[in-house]
Amino acid sequence: MSASTPSHPKSGLSFPQGATPLAGGVNFAVFSKYADRVQLLLFDGPEDPAPSAVIDLDPDQNRTGYYWHLFVPGLGHGQVYAWRVHGPCRPDLGHRFDGDKVLLDPFGLAVTGMGIYDRKAACLPGDNTDRALRSVVIDPGRYDWEDDLPLAPPPGREVVYEMHVGAFTAHPSSGLDDRLRGTYAGLVSRIDHLKEMGVTTVELLPVHQYDPQDAPAGLTNYWGYSTVSYFAPHGGYSSDSSPTGPVDEFRDMVKALHRAGIRVVLDVVYNHTAEAGDGGPVLSWRGFGNNAYYMLGEDRSEFLDFTGCGNTVNANHSIVRRMILASLRHWVRHMHVDGIRFDLAAVLSRGEDGQPLQNAPVLWGIESDPVLAGTTLVAEPWDPGLHLTGSFPGHGFAQWNDRFRDAARRFWRGDDGTIEELMGRIVGSPDVFAGPELTPFDSVNFVTCHDGFSLRDLVSYTIKRNDANLEGGRDGSDHNLGSNSGVEGETDDPEVLRRRDRRVRNFLALLFLSHGTPLLWMGDESGHTRRGNNNPWCQDNEFNWLDWNPGDRGDALREFVRKLIVFCGGLPVLGENRYWTAANEK
């Protein structure tokens, strides 16, 4: 039925949270402990300037404890909706309610309205209904998965390819029409490249719906580390612009990758959100319960910032912990992903005051959850204030090994005193991953990744070139350990180019011949350059787009990588997930 003529709503249930299609209608439930008035907004279309129906929830009939809920007959899959939540605006108490703002459901399974969305309108006083994002009711059971299930890890070790869904096929050289370029469907059309390379696992930069407008003026937040929904796939990567299209197109992509024998790992950002710090937009969590969802200082108006992004998700608060676990379960059960890589995972070990916890409840919840059992878990084991490589407090987590990255770079740069360190990295870093539950495969080895120089730039630049990011050169690491091979930046000198080609191959050989799980950044197999920009997070252009016609040098490198992966896959020692010592040989 149309949202403009809903039947009489009923009190509904406080669980599950979010919008749940049931027989005859939809149950809506949200958490908001301190709200004094809650309204459900129903829209007939994804970009309608005004709701067709506004339902006020009765605090006596539609509230149980901290949860507001109602059942609306006649609604179903595809219904567009949002919330308004009224309450105290007392930053000194941690409350930032704004009844003028339209809010996404924190548990919403899809997001629409990006065509009308205006981030500034969510920051400034006043009603933003005509420029706000909206949630979409999704029935998870409507999709036909056929015989698809999440994939178990392959025998031996995995070969991980870190990639950006959009940038993979956004370049015109991908040969796709405009509708498919930079989409989930576009990725499917190029699975053959991944298979030919010997990739067993793709690790996708964030695909949770994010805010492209969270960037300097005139630029785009392209990498996606600016989440607005932890349950919804990013609509900008879908060739289907309907409200439900991104959900099914993402599933189509996963199903196609699985048929090719390739596992899917998501890079997730449970450490901060797009709502930023003081003065940031009211999009969702801030409007439901700012003092629950974010870490706040003793002065409750202060956001604790352990991420460098203005806020820090209060992951070990009971409400937030449940949201994170529900999000992970959703992606495993209903989207069939095979693994999760946690961005700035050290944040998850911090308590509500920001101090490290010995036994963080959210980590225990993740590692002990039966739905997540068997799911690959990978930690980026640091944040700007904690460095936990080899000592990350979660059990069952593989870890990005920055010690491998730095040792490889120092060695090939020619630094003195690097051989002993490198020897430890080659054999799986047993000195770093020394715990009884850790194995060589728990060391995710990488030389380059989305952060920092590309591999080609690592041998072409010593100094970052980030002016295009419009941040005055403040962004991006200054600790690159790069060497320009004789000339800074681009050159036509054939000797310098030969030297760079050789050094790139040396890095790749070291990566794949070392014990552990190798991770290759998209484009490094064909010599992609970002022209010295070591942090192009806001560049929706050729800084990030993969060039499918890289020239003779790029084609030759791609063939070298393919043969290297095949060769290493035939070495039994690299497929053994144990540390080798003299005792093993007796």
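The values are calculated or read from the model by the stated rules, or taken from the named source; none is laboratory data. As the structure is a computational prediction, the values presented were derived from the model and not from experiment. So basically every Cβ, Gly included, is an ideal-geometry build from the backbone, and we count neighbours across all protein chains shown. Ligands, DNA and RNA are excluded from the accessible area calculation, which covers all protein heavy atoms including side chains. Shrake-Rupley method; radii C 1.70, N 1.55, O 1.52, S 1.80 Å.
Considering the conditions (1) closer than 27 Å to residue 186 by Cβ; (2) over 27 Å from the mean Cα position of the chain (by Cα), residue 485 is excluded by exactly one of them, (1).
Kindly indicate the residue of the stretch 356-381 that is at pLDDT 95 or above and polar (S, T, N, Q) and also nearest to residue 162 (Cα to Cα) among those meeting that condition. Result: 376. Report whether or not residue 541 is surrounded by fewer than 17 Cβ atoms within 10 Å (Cβ to Cβ) and not in a helix (DSSP H, G or I). Yes; evaluated as a whole, the condition is true for this residue. Hey, any hits in the stretch 382-390 for a residue that's at pLDDT 95 or above, buried (at least 19 other Cβ atoms within 10 Å of the Cβ) and among the hydrophobic types (A, V, I, L, M, F, W, C)? No - not one qualifying residue is present in the stretch 382-390.
Scan 327, 284 and give me the residue that is in contact (Cβ under 8 Å) with a residue 40 or more places away in the chain, of a type outside the set (Val, Ile, Thr) and in contact with a Leu (Cβ under 6 Å, 6 or more places away or on another chain). None of the others qualify; the one that does is 284. One residue is enough: does the stretch 340-358 have a residue meeting the conditions without any contact (Cβ under 8 Å) to a residue 24 or more places away in the chain and either over 28 Å from residue 91 (Cα atoms) or open to solvent by 50 Å² or more (accessible area, probe 1.4 Å) (or both)? Yes - at least one qualifying residue is present in the stretch 340-358. Evaluate the following for residue 521: is it in contact with a His (Cβ under 9 Å, 6 or more places away or on another chain) and buried (at least 21 other Cβ atoms within 10 Å of the Cβ)? Here the answer is yes, as residue 521 does meet what is asked. Is it true that residue 286 is under 20 Å from the mean Cα position of the chain (by Cα), of a type in the set (Lys, Arg) and either at pLDDT 95 or above or buried (at least 20 other Cβ atoms within 10 Å of the Cβ) (or both)? Criteria not met by residue 286.
Given 29, 53, 23, which one is within 22 Å of residue 330 (Cα to Cα) and open to solvent by 10 Å² or more (accessible area, probe 1.4 Å)? Break it down into steps so the answer makes sense when it comes.
On the way: 29 fails: open to solvent by 10 Å² or more (accessible area, probe 1.4 Å); 53 fails: within 22 Å of residue 330 (Cα to Cα).
Exactly one of 29, 53, 23 is within 22 Å of residue 330 (Cα to Cα) and open to solvent by 10 Å² or more (accessible area, probe 1.4 Å), namely 23.
When the criteria are applied in full, residue 109 meets the requirement of being open to solvent by less than 30 Å² (accessible area, probe 1.4 Å), within 21 Å of residue 24 (Cβ to Cβ) and either at pLDDT 95 or above or hydroxyl-bearing (Ser, Thr, Tyr) (or both). For the stretch 445-489, residues that are among the β-branched types (Val, Ile, Thr) and either modelled with pLDDT under 95 or out of contact with any helix residue (DSSP H, G or I) (no Cβ under 9 Å at 6 or more places or on another chain) (or both) total 2. Regarding the stretch 94-105, can at least one residue be identified that is outside any strand (DSSP E or B), surrounded by 15 or more Cβ atoms within 10 Å (Cβ to Cβ) and among the basic types (Lys, Arg)? Yes, that holds for at least one residue.
Restricting attention to the stretch 308-322, which residues are touching a residue at least 60 places away in the same chain (Cβ under 8 Å) and touching a helix residue (DSSP H, G or I) at 6+ places or on another chain (Cβ under 8 Å)? Within the stretch 308-322, just 319 meets the criteria. Filtering 150, 91 for residues that are under 20 Å from residue 207 (Cα atoms) and either touching a His at 6+ places or on another chain (Cβ under 8 Å) or surrounded by fewer than 24 Cβ atoms within 10 Å (Cβ to Cβ) (or both) leaves a single hit, 150.
Quick grid of which residues meet (1) in a helix (DSSP H, G or I); (2) at pLDDT below 95; (3) of a type in the set (Lys, Arg); (4) open to solvent by 30 Å² or more (accessible area, probe 1.4 Å):
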residue	(1), (2), (3), (4)
214	no, no, no, yes
220	no, no, no, yes
223	no, no, no, no
229	no, no, no, no
241	no, yes, no, yes
253	yes, no, no, no
256	yes, no, no, no
